2 protein chains.
Amino acid sequence: MSEKIEKVCTTVLERVTPKKSERAKIEALAKKLEKTVTAASKALGVEAEVRVEGSVAKDTWLSGEPDIDIFMRVPTTIPRKSLGDVCLKIARKATEGSKQIERFAEHPYLEAIIDNVRVNIVPCYNVERGEWLSATDRTPHHTDYAKRHLNEQMRGEVRLLKKFMKGVGVYGAEIKIGGFSGYLCELLILHHKFFIKTLKACAQHKQRIVIDIENYYKGRENELQLLFKEPLVIVDPVDKGRNVASAVQPQKLYTFIAAARVFLENPKLNFFYPPETIALTVKELKQKLEKCGSTIIFLTFKKVDAVPDVLWGQLYKSQRSLRKLVQLNDFSILRDLPWSDERTLNMFIFELEQRVLSPIKKHLGPPLEKEHECEKFLEKHLKNPGTVFGPYIEDGRWVVEIRRKYTDAVALLSERLRDGGRSAGVAEQISQTLRKEFKIFVSDEIVEVYEKNSEFAKFLTEFLSGKPKWLEAT
Amino acid sequence: MSEKIEKVCTTVLERVTPKKSERAKIEALAKKLEKTVTAASKALGVEAEVRVEGSVAKDTWLSGEPDIDIFMRVPTTIPRKSLGDVCLKIARKATEGSKQIERFAEHPYLEAIIDNVRVNIVPCYNVERGEWLSATDRTPHHTDYAKRHLNEQMRGEVRLLKKFMKGVGVYGAEIKIGGFSGYLCELLILHHKFFIKTLKACAQHKQRIVIDIENYYKGRENELQLLFKEPLVIVDPVDKGRNVASAVQPQKLYTFIAAARVFLENPKLNFFYPPETIALTVKELKQKLEKCGSTIIFLTFKKVDAVPDVLWGQLYKSQRSLRKLVQLNDFSILRDLPWSDERTLNMFIFELEQRVLSPIKKHLGPPLEKEHECEKFLEKHLKNPGTVFGPYIEDGRWVVEIRRKYTDAVALLSERLRDGGRSAGVAEQISQTLRKEFKIFVSDEIVEVYEKNSEFAKFLTEFLSGKPKWLEAT
């Protein structure tokens, strides 16, 4: 390991490892919550085994950014469909008086902010390995596994890896991020032992990355290859049928790989601590938008009635559908993505080469070998008022030049989303909001929104920087 | 054969078969020319065997449009390189006082207009089959072969086929047309016996069309498949190593096939006798150009120092190169072709979706697996002033958004042709003319040229009709 890398890692490790006092505070809070939730569940007549899970339990949390996960392991006698509701009630009661936000993974759970610390109170069934009834049932087993295998040195390496991933924007299993979970980081370190070894291994990525710590598939690698199709496969030590990395988006994996390479070449603190984005002034924004030469379309809409994971799932799905719609109509997309503040402002963003296309385009018909199709093509286009030139023969096939249905991307989106865009593939809850109202801003028209929403202003500033922060820093 | 088809064919045959008086006049003129050329060659000390060849000799010429071909078969003692010059002298002397145009196929020959009839005086060597010294040496053998095998009924079928091919624009072996020669028509009839059978056979075209009248390759079809690669193969009965159709452009073959199909479905006289094009008025032209929505770029230039076959060869070659140039710069070409009046006006025409492109475009870098290439890509684009956005990662590869070199197709052409365009692949003689001067007209700016050149006006009117005449008529 180079001296430079070692220096950076030492500094980061020093910063991310909780000091005694912080640790004491968090552990006390966790213990207290364990008790309150136990009491609340008893009061509501549910026989739950309440445990601290996650990074606090495993001692892999990052100083300054703890997340306390309290799990209620309930008996399997509680029906699957009432699991969420029952436990939400308990969680609400246990955190009465604190700020509460309902969240949703596979079933609803509660997030509360207590003493400035985010606390997640999550239900699951108290089951043995392999008898999973809900996705969260594995968590206590993950905690046990990690506690059993991670020593203190490795916990430090986990902290480094997590902080690096946070810094380059690939940490977090929530749908919005689609990145690496804490447990995944722990398994990577269990396998590679060291943060830098993990980076080096991933940086060399050629095809797939496959890790099977418990050697479940030893001598049966073919089976493993067939079972899991994702580019990153980490077999879950507590469930050999599950890929812990199955939800990692390829984009996040690739970003991690690229960032790892650049870091190893040029190690710097700001991979872990990216500088805060300072939003462009309105004047700078306008100049930048004018100078870049592309057209950016912002399709904005208001509150969608869905918890963040559902909202982001629907945003991504809808964005993919709209991307297809825009591309099928021949617009060249440079970049496109959704954005949301998860409260009142949502949007789909399309950076296009041009807003307006030529009114005419070439439409290739069948090759002459296909005699019957040729006849049909001639029939259709000879008398079609949309035919501008042709039919004529080119490269052995019939061709016509026809009018485009849409020449303006804004008109295309406006028209196809007027009724909510279900036919264009927009997801249900988003469609409901669109049906009521949406607005389209083109390039610097977005200033109006930019000035009012500082979160968006930062996002747009980063979008217009056009490259990852960690690359900017090199 | 349907009644309708029969009726059309009877009418056409009646019109294209020379009447007694016309035949007498042409045959007399041919005989007379045979004598004059013989005398002239004797006077100049060349011992030539002078013969009438081609359609007049074979009695397959079309009433009203005879072409008299006079061949001088000279002894092989005359060196190859002086063959053209020697014979040109003889031909000039023989046609003194008539309008004379020097032409060029493999070697120069003379075209003269005598009594309103086009006469070609062409040299060749007097050789036995297979001992060819120049391409035209085969012609007398072709004449002999056709005379021997074509009976009167078949000569009528040849006339029908020729007239049909002329009507749909695929007749003529000259480079400008790249179509079917008269000899090729004769062979098609020798094989299929009837005009309509020829159309039907070609209309059913699926893959290649292969005809070997003399069965040179009987039992050795594989050899034939390997020897000739063209989509239409007609083995020359006087030279089994030669495909008579080798110079037929695929576009002409496909046009013939398509026209044959449409004719068989809907037989009409105007396949043979297309209506004369009436040029649009300037007002109509402007309306049409505005309404169509595309941008048409006319790059015009003056006289090129080359005989028609050479000129057209260079025009086509240069057009292909310029097409590539324009496409490589991302402009969407709808149609493109060269045009020339073979005298003072030449041009390259490009119909584009849009004259102007976005100043920005996406440039895909290497996929992450190619680590070394990625490094080079980052090095190149991170500090490049042409980089607008990025590098960023998308679909597992590095990507940048960069400025286009050319956003205006007119600017692209102007700049790349300023020095004659040799580097852009423009052929030598054309390049010489371009180096002196060229002009670019965009869409209705071409009115200026349109008003002055009626030949061009007709051409442009047809171009803007956008479909073959025979299709318009259906």
Original post:
Given the residues B:LYS193, B:LYS162, which is the only one that is farther than 30 Å from B:ASN346 by Cβ and not polar (S, T, N, Q)?
Top reply: B:LYS193
Subject >> Extreme residue, nearest to the other protein chains (Cβ to nearest Cβ), among residues of region B:209-223 that are touching a Lys or Arg at 6+ places or on another chain (Cβ under 9 Å) and either under 18 Å from B:LYS252 (Cα atoms) or aromatic (Phe, Trp, Tyr) (or both) >> reply: B:TYR217
Original post:
Quick one: how many residues across region B:278-318 are farther than 22 Å from B:THR344 by Cα and either within 14 Å of chain A (Cβ to nearest Cβ) or polar (S, T, N, Q) (or both)?
Top reply: 10
Original post:
Quick one: which of A:LYS229, A:LYS240, A:LYS197, A:LYS252 is out of contact with any helix residue (DSSP H, G or I) (no Cβ under 7 Å at 6 or more places or on another chain) and farther than 28 Å from B:TYR392 by Cα?
Top reply: A:LYS240
**OP:** Tell me which of these A:GLU223 doesn't satisfy, since it passes every other one: (1) more than 22 Å from the chain's Cα centre (by Cα); (2) part of a helix (DSSP H, G or I); (3) surrounded by 15 or more Cβ atoms within 10 Å (Cβ to Cβ); (4) not aromatic (Phe, Trp, Tyr).
**Re:** (3)
Subject >> Within region A:55-74, considering residues that are farther than 21 Å from A:LYS35 by Cα and among the polar types (S, T, N, Q), the one surrounded by the fewest Cβ atoms within 10 Å (Cβ to Cβ) >> reply: A:SER63
Subject >> Test: B:GLN251 is polar (S, T, N, Q) and within 13 Å of chain A (Cβ to nearest Cβ) >> reply: yes
**OP:** Scan (1) at pLDDT 95 or above; (2) in contact with a Leu (Cβ under 9 Å, 6 or more places away or on another chain); (3) more than 29 Å from B:LYS162 (Cα to Cα) for the single condition B:LEU88 breaks and write down its number.
**Re:** (1)
Original post:
at pLDDT 95 or above, within 20 Å of the chain's Cα centre (by Cα), within 21 Å of B:PHE389 (Cα to Cα) and more than 14 Å from chain B (Cβ to nearest Cβ), is that true of A:TRP339?
Top reply: yes
**OP:** Report whether or not A:GLU401 is within 30 Å of B:LEU334 (Cα to Cα) and assigned to a strand (DSSP E or B).
**Re:** yes
Subject >> Leading residue by the ranking (nearest to the chain's Cα centre (by Cα)) among those in region A:244-269 that are crowded, with 20+ Cβ neighbours inside 10 Å and farther than 25 Å from B:GLU379 by Cβ >> reply: A:VAL248
Original post:
Does region A:191-210 hold any residues that are within 18 Å of A:THR60 (Cβ to Cβ) and surrounded by fewer than 20 Cβ atoms within 10 Å (Cβ to Cβ), and which are they?
Top reply: A:HIS191, A:HIS192, A:LYS193, A:PHE194, A:LYS197
**OP:** State whether one or more residues within region A:431-438 are touching a strand residue (DSSP E or B) at 6+ places or on another chain (Cβ under 6 Å), within 14 Å of chain B (Cβ to nearest Cβ), assigned to a helix (DSSP H, G or I) and not acidic (Asp, Glu).
**Re:** no
**OP:** Assess whether A:VAL50 counts as being under 30 Å from the mean Cα position of the chain (by Cα), assigned to a helix (DSSP H, G or I), surrounded by 16 or more Cβ atoms within 10 Å (Cβ to Cβ) and at pLDDT 95 or above.
**Re:** no
Original post:
Is there a residue in region B:355-370 that is closer than 29 Å to B:ALA457 by Cα, at pLDDT 95 or above, surrounded by fewer than 19 Cβ atoms within 10 Å (Cβ to Cβ) and more than 8 Å from chain A (Cβ to nearest Cβ)?
Top reply: yes
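The values are calculated or read from the model by the stated rules, or taken from the named source; none is laboratory data. Source: prediction; values computed, not measured. Every residue, glycine as well, gets a Cβ built from its backbone with ideal geometry; the counts of neighbours run over all protein chains shown.
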